[in-house]
Amino acid sequence: MENNEKKAKKKKKKKYRLWLLILTLITLFANFFAIYEILLLGPVEEVIRYIVIGVFLLIDLTFFLKMKKKRKKKENKATLLTFFLILYLLLSLFIGVVIMYLYGKLESVNKTYVTYSSSLVTMANSSITSIGGIKNAKIGLLNDKTSPDGYIIPKAIIKENDLDSANTIKKYDDYSTMIADLYDGTINAIFITTDYPSLFQSIETYQNIATDTKIIYTKEKKLLKSSTSKRETASTGKSISEPFTILLMGVDSTDEGLSKNTVANGDSLILITFNPKTLNATMLSIPRDSYVPISCWSGTPENKITHAAAYGTDCMMSTIENYFDVKIDYYAKINFRGLVSLVNTLGGIDVEVPQDLCTDDSNREGYICIKQGLHHLNGEQALVLARNRKQLANGDLDRGLNQQIVIQGLINKVKDMSSVSQVMGVLDAISNNLDTNFTTKQILSFYDIAKDITNNALQKDDADLLNIEQLFLSGTGQMIYDERSRLVLWDYIPNKESRKDIINAMKVNLGKKDPTMVKEFSFSINTPYEKVVTGTGPYKTSFKYTLLPDFTGDTMATAQAWATKNGVKVTFKGNSGHVIAQSYPTNKRVDLISGSVVLTLSGGSSESSTVTDSKSNTTVRDNTTSNGGSTIKDNDKSDNSTVPTVPDDSKSDDKTDTSKDDNKNTETDSKTEEKDNNQPSE
């Protein structure tokens with residue numbers, strides 16, 4: 001009987017030791033998991049992290065020695081040891097899982113894979129109803145072998161459906177020409193990104209493109225982002241302790257998240273330089289209609305900067321880099337829909353609203369209004385301030401400044417985060433609605449910068465957490481014939497001096513140029529201080545292109561006089577009468593005209609011609625400008641009309657112009673611009 005009791009007791013002890021061994025191993029595994037996750041935090045509180053790791057290792061050593069001691073003494077305080085092991089296990093798991101969750105959220109901000117989508121599109125009235133029904137048709141394809149939705153996916157569709165055997169595949173350098181050919185019937189179908197309505201419906205001719213056309217086939221493909229974008233790994237390894245530049249690109253979508261390739265439509269472009277050493281930043285909102293050289297187009301012709309968006313992030317970034325002479329290290333695509341949840345998670349933002357504004361909500365259903373003055377805005381209200389341009393005097397330009405106000409409000413709110421749940425909520429909103437090329441390590445490096453900014457703000461007791469210098473690109477509106485879309489569109493011609501001042505301010509902040517010291521200034525106690533915005537001038541000159549007028553109805557003498565004054569070769573068909581036709585379209589840039597402009601006269605059928613070949617032509621001309629008052633006055637006394645230096649809300653979208661008499665002015669196209677003022681916008 002006694003032997004049986006001893007055997008049972010021995011068996012029980014054996015089971016306990018086995019259980020203790022298993023529990024210890026699990027605890028050690030959980031502990032090493034926690035240590036590994038702590039090490040992933042990189043630059044975050046290095047001293048504290050290593051102290052925590054040291055404590056963990058010390059506890060591990062203590063448990064190991066205790067276990068050895070217990071085996072020698074057989075059994076002593078077994079229940080207490082088990083309790084501490086379980087407590088230690090839970091603590092290790094909690095720390096490891098929380099850090100893993102946070103790290104995973106940060107890692108997902110940089111999307112490793114992107115799902116691209118391409119569609120085969122025809123006109124809505126086309127007899128083609130399915131991809132199998134395409135026979136003896138002409139199909140447009142983008143001639144860019146690196147474009148996932150313009151070439152790579154379409155080529156796969158063509159191969160899978162044997163489209164090239166019974167149809168003609170016509171390649172294009174750009175989408176605009178392709179769409180123009182689809183509309184006029186030159187081709188029957190086109191391959192284009194599935195998001196094409198958001199890219200082109202701002203152009204008046206294509207404002208109903210979603211209903212004018214129909215999608216007959218769509219294919220998606222998941223691709224490694226680094227394989228489709230050189231920018232993805234361009235700044236890998238760069239330390240954010242050095243000055244850097246980041247481009248923010250807005251995506252105005254009703255969908256939550258950026259899991260698919262949502263094209264940043266170029267409506268919201270904010271270029272930021274940040275110097276971690278001085279804790280200063282510059283912020284420039286780039287107008288969507290800015291007429292600049294597009295880097296990824298053959299010959300880098302000037303066009304609206306928003307049109308670069310259709311060709312991917314790389315094209316947009318290189319276009320901005322070349323124009324503003326600055327290297328962009330990072331980008332961030334932001335879904336406006338995510339702004340709502342981000343602001344709400346932070347508990348709202350406090351900002352100065354410049355005027356009363358109303359617009360639809362994030363679902364484009366309800367109607368949200370905000371009042372002028374200092375207000376605490378929730379997510380939907382902040383979206384009104386960031387997205388509205390229809391009610392603003394200067395349209396897209398003022399919207400850009402309002403977006404900067406929202407960003408400043410978000411930055412200021414960071415210092416009020418006080419709970420883990422709030423941090424997790426912010427990470428949720430960011431990870432779902434933001435895509436960037438920041439590595440996780442680089443994102444974590446912002447922790448030390450955030451600490452420096454917060455400490456600096458507390459010491460100075462400033463209202464703003466970060467010192468941001470606002471930049472503004474001044475310019476002049478002009479209606480210019482677009483060679484690709486074959487439409488006359490409203491463009492914003494940047495002021496060269498404004499651009500020069502902006503470049504200088506960015507280089508100074510990046511530490512690439514020494515600042516110019518202001519040695520004297522004057523002020524009056526009776527005059528309120530107004531913050532100077534770099535790029536607003538005042539400037540003595542503005543810049544506009546010389547454009548070809550509509551000669552229809554003009555006499556030979558009138559046309560000849562204009563040609564002589566502007567250095568253009570003109571050939572006349574016929575001997576008398578008024579001009580009834582011209583070989584080049586109205587509002588075409590004179591510097592892009594090759595050879596003679598052929599003008600057909602109403603009188604006579606003679607083929608004899610008169611050629612006017614005058615002196616050299618100046619493409620860009622200087623005018624006196626009133627920068628702050630949004631008008632410019634032409635020095636040419638023959639034109640006393642005014643044109644806006646910035647587009648109002650009615651011109652924030654692309655505008656076409658087909659009026660016969662809109663460009664009769666011999667030096668400018670101000671009449672055309674005045675006509676455009678009265679056109680409705682989106």
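Figures for the structure shown
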quantity	calculated
Sole exception among (1) at pLDDT below 95; (2) of a type in the set (Lys, Arg); (3) closer than 24 Å to residue 312 by Cβ for residue 155, by number	(1)
Subset of segment 150-191 that is among the aliphatic types (A, V, I, L, M) and in contact with a helix residue (DSSP H, G or I) (Cβ under 6 Å, 6 or more places away or on another chain) - its residue that is nearest to residue 309 (Cα to Cα)	190
Residue match in segment 314-328 (condition: part of a strand (DSSP E or B) and surrounded by 23 or more Cβ atoms within 10 Å (Cβ to Cβ))	no
Members of segment 370-410 found to be modelled with pLDDT of 90 or more and charged (D, E, K, R), listed by number	371
Scope segment 375-420; condition farther than 19 Å from residue 474 by Cβ and either assigned to a loop (DSSP other than H, G, I, E, B) or of a type in the set (D, E, K, R) (or both); matching residues	378, 380, 387, 388, 390, 391, 413, 415, 416, 417, 418, 419
Residue check, residue 88 of a type in the set (Phe, Trp, Tyr), at pLDDT 75 or above and either closer than 20 Å to residue 445 by Cα or open to solvent by 100 Å² or more (accessible area, probe 1.4 Å) (or both)	no
From 352, 365, residue being modelled with pLDDT of 85 or more, surrounded by fewer than 16 Cβ atoms within 10 Å (Cβ to Cβ) and of a type in the set (Asp, Glu)	352
Pair list, Cβ < 7 Å and 6+ apart or interchain, from segment 151-177 residues that are open to solvent by 30 Å² or more (accessible area, probe 1.4 Å) to residues that are of a type in the set (Gly, Ala, Ser)	170/140; 173/298
Among (1) at pLDDT 90 or above; (2) buried (at least 20 other Cβ atoms within 10 Å of the Cβ), the one test that residue 553 misses	(2)
Among (1) assigned to a loop (DSSP other than H, G, I, E, B); (2) open to solvent by 40 Å² or more (accessible area, probe 1.4 Å); (3) modelled with pLDDT of 55 or more - the single one residue 558 does not satisfy	(1)
Residues that are closer than 15 Å to residue 122 by Cβ and in a strand (DSSP E or B), drawn from segment 170-181	170
In segment 176-188, the residues that are hydrophobic (A, V, I, L, M, F, W, C) and either out of contact with any strand residue (DSSP E or B) (no Cβ under 6 Å at 6 or more places or on another chain) or within 13 Å of residue 218 (Cβ to Cβ) (or both)	179, 180
Residue in segment 329-349 that is nearest to residue 512 (Cα to Cα), counting only those that are under 16 Å from the mean Cα position of the chain (by Cα) and either open to solvent by 10 Å² or more (accessible area, probe 1.4 Å) or of a type in the set (D, E, K, R) (or both)	329
Residue list for segment 107-136, filter: in contact with a strand residue (DSSP E or B) (Cβ under 8 Å, 6 or more places away or on another chain), farther than 17 Å from residue 169 by Cα and in a helix (DSSP H, G or I)	109
Filter result for residue 509 (of a type in the set (S, T, N, Q), open to solvent by 10 Å² or more (accessible area, probe 1.4 Å) and touching a residue at least 60 places away in the same chain (Cβ under 8 Å))	yes
First in segment 20-32 and assigned to a helix (DSSP H, G or I), second anywhere and among the aliphatic types (A, V, I, L, M), Cβ under 7 Å, 6 or more apart	23/85; 24/67; 24/85; 26/89; 27/85; 27/89; 30/89; 30/93
Exclusive hit being closer than 27 Å to residue 193 by Cα and of a type in the set (Val, Ile, Thr), set 273, 306, 278, 359	306
Residues of segment 67-79 satisfying the condition of being modelled with pLDDT of 65 or more and surrounded by 13 or more Cβ atoms within 10 Å (Cβ to Cβ)	78
Selection from segment 530-550 of residues that are among the aliphatic types (A, V, I, L, M), open to solvent by 30 Å² or more (accessible area, probe 1.4 Å) and touching a residue at least 12 places away in the same chain (Cβ under 8 Å)	533
Cβ pairs under 6 Å, 6+ apart, first in segment 283-301 and open to solvent by 10 Å² or more (accessible area, probe 1.4 Å), second part of a loop (DSSP other than H, G, I, E, B) and at pLDDT 90 or above	293/300; 298/173
Residue in segment 106-124 that is at pLDDT 90 or above and open to solvent by 30 Å² or more (accessible area, probe 1.4 Å) present	yes
Residue pairs meeting the criteria (Cβ under 6 Å; at least 6 apart or on separate chains; first of a type in the set (A, V, I, L, M, F, W, C), in segment 361-374; second in a loop (DSSP other than H, G, I, E, B))	368/361
Complete set of residues in segment 36-52 that are touching a residue at least 12 places away in the same chain (Cβ under 8 Å) and open to solvent by less than 20 Å² (accessible area, probe 1.4 Å)	37, 38
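The values are calculated or read from the model by the stated rules, or taken from the named source; none is laboratory data. Keep in mind it's a predicted model, so treat the numbers as computed, not measured. We place every Cβ from the backbone using ideal geometry, glycine too, and count neighbours over all the protein chains shown. To get the accessible areas, we keep the full protein, side chains included, count just its heavy atoms, and leave off ligands, DNA and RNA. Shrake-Rupley method; radii C 1.70, N 1.55, O 1.52, S 1.80 Å.
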